[in-house]
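Participant: This structure is in structure tokens; I'll ask about it shortly.
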Amino acid sequence: MSETAHIKSPYNVKNPFIAHLKHSRVLTGAGAAKDTRHYEIDLTGSGMEFLPGDSLAVQPTNDPALVDAVIKALGLTGDETVPNPKGGETTLRQALIETYSITEFDGKLIKAVAEKAGNTELAALTTPERKEALKSYLWGRDVLDVLQENVGTKLTATEFVAVLRKLNIRLYSISSSLKACPEQVHLTVATVKYESHGRMRGGVCSTFLADRVEATTSLPTFIKSGAGFRLPEPTDETPIIMCGPGTGIAPFRSFLQERKATGAKGKAWLFFGEINKATCFFYEEEFAAYLADGTLTKLDTAFSRDQVEKLYVQHKMLENGQELFDWLEAGAIFYVCGDASRMATDVDGALHAIVAKYGNKSPEEVAAYMENLKTSKRYRKDVY
Ligand SMILES: Cc1cc2nc3c(=O)[nH]c(=O)nc-3n(C[C@H](O)[C@H](O)[C@H](O)COP(=O)(O)OP(=O)(O)OC[C@H]3O[C@@H](n4cnc5c(N)ncnc54)[C@H](O)[C@@H]3O)c2cc1C
Ligand SMILES: NC(=O)c1ccc[n+]([C@@H]2O[C@H](COP(=O)([O-])OP(=O)(O)OC[C@H]3O[C@@H](n4cnc5c(N)ncnc54)[C@H](OP(=O)(O)O)[C@@H]3O)[C@@H](O)[C@H]2O)c1
């Protein structure tokens, strides 16, 4: 497969393929501190194609219970007519379910609510010098919070939707290979649920998939190419190192399915991390089978909460530093997928430390080595 291979697709945000959920299962065991699920989506008849490393865009809908609470807080019925951004008109309720975000919003909504409610303190948050204060006010709040904190806001349905943002698609790294699982696409998704301001909240798309999608529900989808996150050709003996804690495992399940289907030649090493081995060792049997049949050469796991001290994937990399450096010296490609905020930075730090120690290099030489890994496309990231 060429480095930047991508497949032209007839589907996009304006013309998504309406797929349907075929199967889903909870990957996390009973008592787990998180809820991560495996989804299998039927693509039959779509002609939709993708490559390992691509993502699936999913257009979610909002939780109808939250939509109803917003309509109630506005003192409206939901049957009011509003312009449909796709053309024509629709009801307020339908627009809030399908088209507008009621969880992410900005100063436009704040300004409109503050003006109607005569809330000068809230209005002051929208001035350019109060940007940080606005950001901290927005954190953990949704549209319902703003309306409930400003009782009696008399916005018409049309005025209200005019200050909302559009409900956007969410991307998910594909966790299957078309060669192994034709006419379907698999996802590995962590359900986002948290409490804020005394109320339970759900991430729009992850709870849409977990709680609101049934076999008959329309799932608008399209492929987002991951041209920078590709496998070497199956005949290429380049070793690959995959670092995918949590849902970061998704593209690597796709890689391994593809490599088995194509009889790929090079060695493959997987680092996986999650909170507990007993409840969160996603796809454990599949990886055991890949180890047994040689698709996977080496598997290292880090279960962070199974001991007093945190154990993360980068600790397993450092433990295996000499061997990892030897693989890099043999031309291995290092892939990392998952949390961008902390994990990817710490994994990068571990790579630097390994190159310094086992390559016996100065900080400048390490920087040059890492730069070379990047420019030769042997250090690839899919982080979010
Ligand atoms: C290329 C790419 C690939 C991805 N692949 C995957 C994947 O394979 N699997 C996967 O699970 N995800 C993946 N993601 C992330 C995914 O796209 C979504 O961002 C994720 O599912 C959350 O979306 P949501 O609609 O459920 O939540 P949203 O409705 O977007 O809510 C998330 C937001 O809620 C707020 N929030 C969350 N927790 C708290 C809290 N405790 N307190 C206050 N506010 C909070 C934050 O503002 C956060 O941004 C990927 C992202 C990208 C860009
Ligand atoms: N708000 C929510 O409810 C929610 C739910 C799911 C995911 N998310 C977010 O979605 C992203 C992906 O989540 P995910 O479910 O795939 O898993 P994740 O949160 O990335 O966790 C996967 C594993 O990585 C560990 N980890 C934490 N910090 C790390 C670090 N600095 N270096 C290496 N490993 C580290 C975690 O350990 P510990 O957790 O034990 O530290 C856990 O064992 C994250 O940004 C996460 O914050 C949010």
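A short reminder: the numbers here are calculations on the coordinates, not readings from a lab. The structure presented is a predicted model; accordingly, all values stated were derived computationally and were not measured. So basically every Cβ, Gly included, is an ideal-geometry build from the backbone, and we count neighbours across all protein chains shown.
Participant: Please arrange CYS280, CYS243 by counting, for each residue, the other beta carbons lying within 10 Å of its beta carbon, fewest first.
Facilitator: Working: CYS280 23, CYS243 28.
Starting with the residue having the fewest Cβ neighbours, the order is CYS280, CYS243.
Participant: Please report SER101, SER136 as a ranked list, fewest other C-beta atoms within 10 angstrom at the top and most at the bottom.
Facilitator: Values: SER101 18, SER136 11.
If I rank by nearby Cβ atoms, fewest first, I get SER136, SER101.
Participant: Can I ask one more? Quick one: angle between helix 107-117 and the longest Cα principal axis of the chain, in degrees between 0 and 90, rounded to 10, please.
Facilitator: With both axes taken from Cα atoms, the answer is about 20 degrees.
Participant: Given the pairs LYS8/LYS357; LYS166/LYS374; LYS86/LYS179; LYS8/LYS310; LYS14/LYS193; LYS193/LYS357, which span a C-alpha to C-alpha distance of over 32 angstrom in this model? Mind showing how you got there, number by number?
Facilitator: Details: LYS8/LYS357 44 Å; LYS166/LYS374 36 Å; LYS86/LYS179 36 Å; LYS8/LYS310 43 Å; LYS14/LYS193 29 Å; LYS193/LYS357 41 Å.
Long pairs (Cα-Cα over 32 Å): LYS8/LYS357; LYS166/LYS374; LYS86/LYS179; LYS8/LYS310; LYS193/LYS357.
Participant: ALA340 versus ALA65, label points 7 Å from Cα toward the beta carbon: distance in nm?
Facilitator: 3.1 nm
Participant: Also, quick follow-up: In Å and from the alpha-carbon atoms only, list the Rg and Dmax of the chain.
Facilitator: Reported Rg and Dmax, both Å: 23.6, 70.
Participant: Mind ranking 354-365, 226-237, 260-271 by how tightly packed they are, going by the mean number of other C-beta atoms within 10 angstrom, highest first?
Facilitator: On the way: 354-365: 14.1, 226-237: 17.2, 260-271: 19.1.
By packing density, highest mean first, the sequence is 260-271, 226-237, 354-365.
Participant: Going by average Cβ density within 10 Å per residue, which order do the peptides 285-292, 81-88 take, highest to lowest? Kindly include the intermediate steps, with their values, before the conclusion.
Facilitator: Details: 285-292: 14.5, 81-88: 12.8.
Highest-to-lowest ranking by the protection proxy: 285-292, 81-88.
Participant: Can you tell me the orientation of helix 64-74 relative to the chain, as the angle in degrees between its alpha-carbon axis and the longest Cα principal axis, to the nearest 10?
Facilitator: For 64-74 against the chain, the angle is about 40 degrees.
Participant: Which value in deg cm²/dmol, rounded to the nearest 500, describes the helix-derived mean residue ellipticity at 222 nm for the chain, given -39,500 (n - 2.57) per DSSP H run of n ≥ 4 and division by the residue count?
Facilitator: Details: 15 runs with 130 residues, N = 384.
Value at 222 nm, helices only, nearest 500: -9500 deg cm²/dmol.
Participant: If you take every residue apart from LEU231 with its C-beta less than 9 Å away from the C-beta of LEU231, what net charge results, scoring Lys and Arg +1 and Asp and Glu -1? Kindly include the intermediate steps, with their values, before the conclusion.
Facilitator: Working: positive: ARG230, ARG259; negative: GLU233, ASP236, GLU258.
Net charge in that neighbourhood comes out at -1.
Participant: At a Förster distance of 35 Å, what's the computed FRET efficiency of GLU104 paired with LYS357, Cβ-Cβ distance as r, to 0.05?
Facilitator: 0.20
Participant: Alpha carbon centre of the stretch 209-261 versus the stretch 83-109: separation in Å?
Facilitator: Comparing the Cα centres of the stretch 209-261 and the stretch 83-109, I get a distance of 32 Å.
Participant: For the chain, give me the percentage of DSSP beta bridges that are antiparallel, rounded to the nearest 5 percent.
Facilitator: Numbers: 33 of 52 bridges.
If we restrict to bridges inside the chain, about 65 percent are antiparallel.
Participant: Got a sec? Charge dipole of the stretch 240-383, +1 on Cβ for Lys and Arg, -1 for Asp and Glu; which of SER376, PRO245, VAL313 is way out at the positive end?
Facilitator: SER376
Participant: If Lys and Arg each add +1 and Asp and Glu each add -1, what is the summed charge of the other residues whose beta carbon sits under 10 Å from the beta carbon of ARG165?
Facilitator: On the way: positive: LYS108, LYS166; negative: GLU104, ASP106.
Net of charged neighbours comes to 0.
Participant: Would you mind computing, in nm to one decimal, how far apart the modelled labels at MET370 and THR158 are, each placed 7 Å from Cα along Cα→Cβ?
Facilitator: Roughly 5.6 nm, to one decimal.
Participant: May I pose another question? Helix 250-262 sits at what angle to the longest principal axis of the chain, using alpha carbons and giving 0 to 90 degrees rounded to 10?
Facilitator: The angle comes out near 50 degrees.
Participant: If you don't mind, there's one more thing I want to ask. Out of the stretch 61-170, which chymotrypsin sites (Phe, Trp or Tyr not before Pro) are coil in DSSP terms and have no more than 12 other C-beta atoms within 10 Å? Walk me through the intermediate numbers first.
Facilitator: Details: sites: TYR100, PHE105, TYR137, TRP139, PHE160; in loops: PHE105, TRP139.
Listed in order of number, the matching sites are TRP139.
Participant: Using label points projected 7 Å from each Cα along Cα→Cβ, tell me how many nm separate ASP79 and ALA288, to one decimal.
Facilitator: Here the modelled spin labels are 5.9 nm apart.
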